[in-house]
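Right, one structure below, let's go through it.
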Amino acid sequence: MTDAGASPEIPPPPAIRPGPDEELLGLIDSLAELLYRSDLTELEIESGGTGLVLRKSVAGAATEAPPAPAHPADVAVHADSSGGSSEPAAPSVPSVKAPLTGIFYASPAPGSAPYVQVGGEVAVGQVIGLIEAMKLFNEIKSDVAGKVVRILVERGTLVKRQQPLVEIDPR
């Protein structure tokens with residue numbers, strides 16, 4: 001005899017694993033970090049029908065001015081790979097860094113006011129921007145309180161994981 005009110009047992013959902021696109025972005029982040037930590041200037045990988053080439057900037061010749069870096073993270077690459085650069089080291093300013101690779105947006109919608117502005121105050125946990133990755137918008141929150149000194153990236157710019165986004169003078 002069965003109980004008419006009892007529902008059939010539902011199996012537990014399968015374990016949630018990252019999708020192939022998320023795994024690929026994670027792999028690219030790892031490879032980029034490996035490249036920037038090494039003495040290599042280029043890393044080329046092919047698997048099946050897919051190829052990937054990662055390059056890091058190299059300081060220009062002594063007679064030429066080095067090109068402006070496309071991303072603030074490249075500044076460190078110039079200093080590390082030049083082998084004793086004569087440029088003075090920039091003072092360490094706390095910054096909010098990108099937790100993932102994606103497209104940075106400084107405001108919640110086109111035409112709206114940015115989350116933060118130079119000279120404005122920021123609290124710990126305050127949203128400073130959005131990063132779009134895998135068609136999802138991720139809020140980027142400050143882990144430093146203080147005054148915004150400089151915004152290092154423009155709206156719609158591709159940012160890499162651990163790239164500084166906003167410099168903050170702590171109070």
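The values are calculated or read from the model by the stated rules, or taken from the named source; none is laboratory data. Treat the numbers as computed from the prediction; the structure is a model and nothing was measured. Ideal geometry is used to build each Cβ from the backbone, glycine not excepted, and the neighbour counts take in all protein chains shown.
For this structure, a couple of remarks:
- Enumerated strands (runs of 3 or more DSSP E) restricted to the stretch 52-171, each holding at least 1 residues that are touching a Lys or Arg at 6+ places or on another chain (Cβ under 7 Å), farther than 23 Å from GLU33 by Cβ and modelled with pLDDT of 75 or more: 102-105, 127-133, 146-151, 164-170
- When GLY146, GLY156, GLY120, GLY129 are screened for being surrounded by fewer than 19 Cβ atoms within 10 Å (Cβ to Cβ) and closer than 29 Å to ILE28 by Cβ, only GLY156 passes.
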